[in-house]
Structure formats: C-alpha cells, structure tokens
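See structure below.
The values are calculated or read from the model by the stated rules, or taken from the named source; none is laboratory data. The structure presented is a predicted model; accordingly, all values stated were derived computationally and were not measured. Neighbour counts are summed over all protein chains in view; Cβ atoms, including those assigned to glycine, are modelled from backbone coordinates with ideal geometry.
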Amino acid sequence: MAKRLKELSLRARLLLIATTSLALALAASGILLVVVLNYAQMRSLRTETLETARGVARLVEQGQLTDPIPVTPGVQVQVLDSARRVLAVSATADRLVPILYPDELRDLPDGQGVMISGTRIGFDGPARVVMVTAGPPTDPVTILVARSASQLTQGAHLLRITLLVAFPLLVGLLAAGLWRALGAALRPVDALRAGAEEITGGTREGRLPVPDSRDEIHRLATTLNDMLHRLDAARARQRAFVADAAHELRSPLTNMRTELEVAQRLPDDTDWPALSEDLLTDVQRLSRLVDDLLLLARTDDASARAVTARGVEETDLGQLAGEVAARYPDVLHVDAGTPLPLLAEPDALARVVANLLDNAVRHARSAVVVTTGADATGPFLIVTDDGPGIPPADRERVFHRFTRLDEGRARDAGGSGLGLAIVRELVRRHGGSVTLGDADPGLRVEIRFSPVRSEKAGN
C-alpha cells in the first residue's frame, strides 16, 4: 500500500490525504449529529410524557378527572386503582388491560418511564410509558401515560438516509474542488520543473521562474536561483582556473619540447649539460606549479578550510620566520626577542613566509625585512621590500589565482600567480588576516593572527 502511494503524483497523494481526512471528519460529524438528535428527541419525549402524566395527576387531585381523558393524538392514558383495575382512560386506550404488565408496574419507580413495544397498545414502533402516583395516601391511583416514539425514530431515520445520500455527493464535490485547488497551488512547482528541464537542456539561462506570491514556493524559487547563481559562478571560476592552469603548464612543457626537438635534430651541436640544466629548471617550475595547484585544491575542500587538531602544534612564530628567512641571504629578520607562541601547522606557516619572501626578493631593489612581534591584538608578521609596490586598486586582485601584474610578469620569469592566493588561504585557515600597504618605498605585507581563534581552531 505504501509503495503504491509513493508511485502516485504529489497532487494525487495530497488529494487522497485531504479527501480521506474530510471524509472521516464528515462521517464523525454525521454520527455525532444523529446521536445528538436522538438524545434530544428522547429527552423531549420523556419530558412531554412526564408533563402529561403530571397534568392528569393534578386533575385527580382536584377531582376534575373526566372519562374519557382528553389528550393529544398519539397519547394513551390510563388511571388504575390500587388493585390495578382501570378507572378511566383516554379515547384510544384499552379499558380492560393495563398498558404495563404487572411485573413492570411493580418494578417501575414513581415518576419514571420505560420503553415498550408499541404493538402492545396499537402504536407503530416503540412507545414511552411513564407512571405517576396521585390521590390520597389511603386510596392512591396510578396514572400511566404512553406516547408514541415513531415520529422521533422516523425523523432520525430520515436524517440518516439524507446523510448517506448527501455524504458521497459532498465528498465528491470537495474532492473535485481540492483537485483544482491543488493544481493551482502546484502550478508554480510545475513551472519550476519545466524551467529546470530547460536549463538542463540548454534552452534557457540559468534562472528559474519566480512566482509573484510571497509563499514557500516563492522562497524556494529564490533559494534555487541563488544556488544556480553560485553554481554558475563556481563553474566559471573552475573553467578559468583550468584554463589558467593549462596555460601555465603549457609554457614550460612547450619550452621542454622545443629544446628536446632541437637537440634531437642537432645532436652534435647540442650542449647536453646546459640542456639538462634548462630541463631541470622547467621541471622544477612544473613541480612547484603542481604543488601549488594541489595545495589550493585541498584548501578548496570544506573539510580543510580550518586548522585540524591532527597537524597542529604550538609554534614560535618568530623562530619559524627566522628559520625561513635564513634561507635568503639578502633578507633581514627583526625579531621581538620574546617567544610568540601560536597554535598552528608549522609547514603551512613556513609556506606562507616562504611565499611572501619569494615575492619580496623577486621584486625588491636591495632590501627585504621580516618583522615578527605581538601586540594587544595578537601575534603579527610583517614583510617589507623596497620594490615598485602594488597600486591600491590592484591590492585585492593580486590575491586572485593566476593574477600577475604587468610589472610582476615582466620581472618574474618563474612565478605562476598563485603565491599570494596560497598565502591568503593558509592564513585564513589559521584564523588570521592579510593586508597590503605602502612601505615608502615598496610594499608592506602584514599578517595578523588571533590567539583566541587559533586556539579554537586547534582544539
């Protein structure tokens, strides 16, 4: 059953659920209506029968009882003496046989009633009989009043028949109305589906139709359009990244192929030691480029955007910067003279410092200075050089992948435009920030770490 329900369309499932709920609610309401009506009618029957008996009792008490006793149609009255003999009756009542049997008379309390079969006294259907005692205590009389309940049962029966006939018609009308209402409510969903098919088929731009209503479907369409926009942007970045990577990989590969082809055609004129040195340079450039691409690919992974406890240890920022700066003969390291503890990945921080120093040495005219220290905001690292610097308008763009300014491209024969992009990604993983400024002359790169964020990242 559940499998069959899953095979139905959403519109059909909603209609089935809604129709079933309505049918159950209407059935419960019909049953309750019949029960309440029966209860009200029976209560009215008991009240009217008892009032008639009390009216006859007042006539007995006043000595105004007549024979026959005047009553409304459908009512029989008998007045019995203490020996259960009939003293007076209404026009249609039996003058010889009491309405109730002797055991019924004996067990029925005064002022109470009982339901009997109406055929015993000439009624169609059941009848309600009430017994009331009247007269002096020395010579009491018993008053029996019987009222037919056939009209009441006929009314309840007519109501049941009406409900049984009207119930399917009402459910059918409600189902038809619900079917149309659900179709109108789900029409925007069909529009979204059609739009998605057109986008998948390439016949439509990457945007779904947004309904005018401000409901859940409107919010869904807006969210999906935002998602499509992000996916388009991600695909555009991916295409640009692949194209740039292919361009960067093609240059050293083309150089290597050209050199090998020339050497193959002119083997006697080839300086093989020089060729091997040139090929080794190109291979090293390719290796660095591939390593940078792999590092950026890992940083793009959501699971690698934060420092994990597995590779984290307490690192002295000043000591690490000094060790990296020692590899560059023209770089001056200015240390704070005090430990600068930081929870970080040592290899990642060393890569940050090395990339900054590579760029600084590549563009500096004479001096590169690395300064490490700490203030109220936390540890910091500053790299300055006396090169041409970077214009303020380009300081954000240089952090994009494969971005190299014209000056940098002219001076840099081996750079790939990934150094600063890697620096920003690794610093962000450690909860820090990178800013570029003027060094007067030259460029100032400042990295600041937050000890609180670094500790949380490490834990």
> Given (1) under 29 Å from residue 61 (Cβ atoms); (2) surrounded by 13 or more Cβ atoms within 10 Å (Cβ to Cβ), where does residue 106 come up short, assuming only one miss?
Replying inline: (2)
>> Considering only residues that are in a loop (DSSP other than H, G, I, E, B) and under 17 Å from residue 425 (Cα atoms), which ones fall in segment 371-401?
In response: 395, 396, 400, 401
>> Quick check on segment 376-395: of everything there that is of a type in the set (D, E, K, R) and over 45 Å from the mean Cα position of the chain (by Cα), which residue is surrounded by the fewest Cβ atoms within 10 Å (Cβ to Cβ)?
In response: 386
> Is it the case that some residue within segment 19-40 is touching a helix residue (DSSP H, G or I) at 6+ places or on another chain (Cβ under 8 Å), among the aliphatic types (A, V, I, L, M) and closer than 30 Å to residue 142 by Cβ?
Replying inline: no
> So which residues in segment 421-451 are in a helix (DSSP H, G or I) and either at pLDDT below 85 or touching an Asp or Glu at 6+ places or on another chain (Cβ under 9 Å) (or both)?
Replying inline: 421, 422, 425, 426, 429, 451
>> Would you confirm whether or not segment 26-45 contains a residue that is surrounded by 12 or more Cβ atoms within 10 Å (Cβ to Cβ) and not in a helix (DSSP H, G or I)?
In response: no
>> Residues to consider are 172, 135, 63; find the one that is over 30 Å from residue 37 (Cα atoms) and free of Cβ contacts under 8 Å to residues at least 12 places away in the same chain.
In response: 63
> Just one of 71, 89 is closer than 21 Å to residue 134 by Cβ and either in a helix (DSSP H, G or I) or at pLDDT 90 or above (or both); which is it?
Replying inline: 89
>> Yes or no: segment 339-348 includes at least one residue that is closer than 30 Å to residue 243 by Cα, touching a helix residue (DSSP H, G or I) at 6+ places or on another chain (Cβ under 6 Å) and of a type outside the set (Phe, Trp, Tyr).
In response: yes
> Listed residues 128, 160; which is touching a residue at least 60 places away in the same chain (Cβ under 8 Å), assigned to a strand (DSSP E or B) and under 22 Å from residue 40 (Cβ atoms)?
Replying inline: 128
> Within the bounds of segment 136-150, is there any residue that is surrounded by 16 or more Cβ atoms within 10 Å (Cβ to Cβ), in the same structural domain as residue 27 (by TED's automatic domain parsing), assigned to a helix (DSSP H, G or I) and of a type outside the set (Ser, Thr, Tyr)?
Replying inline: no
>> Please go through segment 323-370 and give me each residue that is of a type in the set (Ser, Thr, Tyr) and closer than 21 Å to residue 390 by Cβ, ordered by number.
In response: 328, 366
>> Between a residue in segment 254-273 that is under 22 Å from residue 286 (Cα atoms) and free of Cβ contacts under 8 Å to residues at least 24 places away in the same chain and any residue that is hydroxyl-bearing (Ser, Thr, Tyr) and not in a helix (DSSP H, G or I), which pairs come within a Cβ distance under 8 Å, given they are 6 or more apart or on different chains?
In response: 262/270; 263/270
> Is segment 194-207 home to any residue that is in the same structural domain as residue 32 (by TED's automatic domain parsing), of a type outside the set (Phe, Trp, Tyr) and either buried (at least 16 other Cβ atoms within 10 Å of the Cβ) or touching a residue at least 40 places away in the same chain (Cβ under 8 Å) (or both)?
Replying inline: yes
> Of the residues that sit in segment 224-252 and are surrounded by 13 or more Cβ atoms within 10 Å (Cβ to Cβ) and at pLDDT 80 or above, which one is nearest to the chain's Cα centre (by Cα)?
Replying inline: 224
>> Which numbered condition in (1) assigned to a loop (DSSP other than H, G, I, E, B); (2) in the same structural domain as residue 61 (by TED's automatic domain parsing) is the only one that residue 185 fails?
In response: (1)
